[in-house]
Every structure is written in structure tokens, then in C-alpha cells.
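K.L.:
There's a structure below that I have some questions on.
The values are calculated or read from the model by the stated rules, or taken from the named source; none is laboratory data. Predicted model, so just to flag it, every value in this text is computed and none were measured. Using ideal geometry, Cβ is built from the backbone for each residue, glycine included, and neighbour counts are taken over all protein chains shown. The accessibility values were calculated without ligands, DNA or RNA, using every heavy atom of the protein model including side chains. Shrake-Rupley method; radii C 1.70, N 1.55, O 1.52, S 1.80 Å.
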Amino acid sequence: MIFPAIDGNEKLKSILEAPEYRSRMPHAVIIEGGSESDRAALAKWFSMWAVCESEDDKPCGSCKGCHLAETGAHSDIRYAKGEGKTESYSKKVMEEIIEDSYRKPYIADTKAYVFLDCERRLPVISQNIFLKTLEEPPANVIFILTCETAKSLLDTIRSRSSVVTLESRLSVNEEHFELAKRIAAGIVSNSEMDLLKAAYELNGRDKAASTLDLVILLLRDGLAVYLNTEPELDRDTAELLCRRLTKKNYLELIDITRDAQVKISQNVGLNLVATRLCAEYRRALWQR
């Protein structure tokens, strides 16, 4: 079995290599997290798995099916083509793909359809069209979707898919890291102004996305210390968070931060995102 060279994802590799996972092919998989290139690499891996001719070690990387998949020439692997300037997977695109998915594979036992960057290219109307197919999927087909976070897709799409999460490669911008620490400290501060002042420094989309990635890592560090394991990024912030937060708090705060990232990717105004983020953080911390 081959696996793409994606740094920092040994745990995911061990899960996907496990016999109980390899023995069943999901009819739909959502690949989230990591970088855009890492998500695309794993999408190719799943498509190779679908068409591999090996009996028990998929994808083998050496059969005809794997070679064709690697070169982008396999007739049973299709990368969805979007329309217009945004390359959107429109209603027309989705209907054509769904119709094609019910046709038998040409040379492999399974067909694979790959949809990249779904957080910006798969609108709700197309997701609703797709949902009808996921409810009663065609035989011998796998749909592979990539996105920054699965939360950018409808709940009903996620519930009918296998979600695979890539860990982000750690590349820390010091300015963004310091801001992330101030936001984390603001979450547990007795003064609401500490959080508001820090959050309103999210004044650029790239800066906001990078900083919130680091906030999630700091929250994970806090949870690690809470569970008596080693933090990855910053022990001081982790211990500060642990004085106030419970396991339930950590999980909810991470979800709130991810929701804010989705809003940023959807071009919602940054001031509005910051205001709602602060309100949701305080609600999660103060509710009983």
C-alpha cells in the first residue's frame, strides 16, 4: 500500500491502513484540513484506491489502474469541472455527473468522482441536488470532496459521508501567533474588552485565517494539558486556559472558531465575524 507524502499525518495513515477501514469502500468521503495541495494528494490516493487492481493491498501503486490514476488518464476517475469565473459546480454540472455515476465503470470495478475546494465551489443548490444521490448512492462509485472544513457543507451531506481530517503543517507567523495568544487569553479573561480588542485585530482575511488556525492549535494544547498529555505549541497558554476551561468548553470553542473560519472563506465582513466570534466565545464560557 502506498500513501502520499503528507507530513505530520502518521496517525491518519495508520487509520487508513487498518484492515477494518481498507475492507470497506465509503460511497462518499470528505477530506478536510491540511493544505490545498495535501487535500488534493489524498483525493488522488482515494481515487487510486477505487481503481486499483490489487486484491488486498490497495492502492498498490504498481498495477495498470494505479499507473493510469497517477498520470490522470484513468477513464473511471473524473475530476469535476466547474463553470464561470468561480469554477462553480453548478446545478448543470452536478446533474450531468450524477447521471454519469449510474453508468457502469469502463475498465475498473469502481468509478471515482473528485470535487476539489468545495467550500467555495459547491453552492447549496448543488449540494441539495447531490444529497438525493447520497441518500441512495449508485453501486461501485465513490464521491471524493475536499474542503478547508467539513462544516462548510450541509449537515446532511456530512452525515452521509466519511470525514477524513488532515492535520495542518505547522508554519507559525510570529505576529499571528502573538495575536492568537491574546485571543486565547481574552477568552478566559474577566474583562470582555481584552477579547474584543484582540479579535478586532483580525483585519485581513489571510491574517484572520492564519490566526484562527493558531487559536485552534492553542485550544488543542489546552485540552492536551487538561488530559495530562504534552502540548504541541505553547504550554504557558495551555495552562492559562486549563485554569478555566472544561473538556466540553474546549470542544465547543474549537467548533466556534471553525465556524468563524467558514464565514471568512465565504467573504463575510471581518468586523461582523469578530463581533460574532466574541459573542459566541463568551456564550460558550458563561453558559451553565
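K.L.:
Does region 208-228 hold any residues that are closer than 21 Å to LEU166 by Cα, open to solvent by less than 70 Å² (accessible area, probe 1.4 Å) and free of Cβ contacts under 8 Å to residues at least 40 places away in the same chain, and which are they?
P.N.:
Correct list: SER210, THR211, LEU218, LEU219, ASP221, GLY222, LEU223, ALA224.
K.L.:
Then there is this: Hand me the list of strands (runs of 3 or more DSSP E) wholly inside region 67-160 holding 3 or more residues that are open to solvent by less than 70 Å² (accessible area, probe 1.4 Å), over 16 Å from VAL51 (Cβ atoms) and touching a Leu at 6+ places or on another chain (Cβ under 8 Å).
P.N.:
By residue number, 141-147.
K.L.:
When you scan region 228-288 for helices (runs of 4 or more DSSP H) that lie fully inside it, which ones turn up with 3 or more residues that are under 19 Å from the mean Cα position of the chain (by Cα) and at negative phi?
P.N.:
By residue number, 247-265.
K.L.:
Let me confirm something: among ALA198, ALA184, ALA208, which residue is among the small types (Gly, Ala, Ser), under 18 Å from VAL262 (Cα atoms) and in contact with a helix residue (DSSP H, G or I) (Cβ under 6 Å, 6 or more places away or on another chain)?
P.N.:
ALA208
K.L.:
Taking only pairs six or more apart or across chains, which ones have beta-carbon atoms under 7 Å, a first residue in region 81-98 that is without any contact (Cβ under 8 Å) to a residue 60 or more places away in the chain, and a second residue that is acidic (Asp, Glu)?
P.N.:
SER90/GLU83; VAL93/GLU83
Table: residues versus (1) buried (at least 17 other Cβ atoms within 10 Å of the Cβ); (2) closer than 24 Å to ALA150 by Cβ.
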{"residue": "TYR200", "(1), (2)": "no, no"}
{"residue": "GLU230", "(1), (2)": "no, no"}
{"residue": "ALA238", "(1), (2)": "yes, no"}
{"residue": "GLU252", "(1), (2)": "yes, yes"}
{"residue": "ALA260", "(1), (2)": "yes, yes"}
{"residue": "ILE264", "(1), (2)": "yes, yes"}
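K.L.:
Say we look at region 26-55 and pick out the residues that are aliphatic (A, V, I, L, M), in contact with a Ser or Thr (Cβ under 7 Å, 6 or more places away or on another chain) and under 22 Å from LEU153 (Cβ atoms); which of these is surrounded by the fewest Cβ atoms within 10 Å (Cβ to Cβ)?
P.N.:
Within region 26-55, the match that is surrounded by the fewest Cβ atoms within 10 Å (Cβ to Cβ) is ALA40.
K.L.:
Kindly establish whether ILE187 is assigned to a helix (DSSP H, G or I) and under 21 Å from GLN266 (Cβ atoms).
P.N.:
Considered against the rule, which asks whether it is assigned to a helix (DSSP H, G or I) and under 21 Å from GLN266 (Cβ atoms), ILE187 comes out as no.
K.L.:
Which numbered condition in (1) open to solvent by 60 Å² or more (accessible area, probe 1.4 Å); (2) under 25 Å from SER152 (Cβ atoms) is the only one that ARG243 fails?
P.N.:
(2)
K.L.:
Continuing with this model, one more query. Quick check: anything in region 188-206 within 30 Å of ARG121 (Cα to Cα) and of a type in the set (Val, Ile, Thr)?
P.N.:
no
K.L.:
Would you confirm, using the coordinates I've provided, whether THR275 is of a type in the set (Ser, Thr, Tyr), surrounded by fewer than 18 Cβ atoms within 10 Å (Cβ to Cβ) and out of contact with any Pro (no Cβ under 7 Å at 6 or more places or on another chain)?
P.N.:
Against the criterion (of a type in the set (Ser, Thr, Tyr), surrounded by fewer than 18 Cβ atoms within 10 Å (Cβ to Cβ) and out of contact with any Pro (no Cβ under 7 Å at 6 or more places or on another chain)), THR275 qualifies.
K.L.:
Open to solvent by less than 10 Å² (accessible area, probe 1.4 Å) and touching a Cys at 6+ places or on another chain (Cβ under 6 Å): is that true of LEU166 in this structure?
P.N.:
So LEU166 does not fit the description; no.
K.L.:
Also, quick follow-up: Being within 24 Å of LYS151 (Cα to Cα) and either in contact with a Gly (Cβ under 7 Å, 6 or more places away or on another chain) or part of a helix (DSSP H, G or I) (or both): is that true of VAL215 here?
P.N.:
yes
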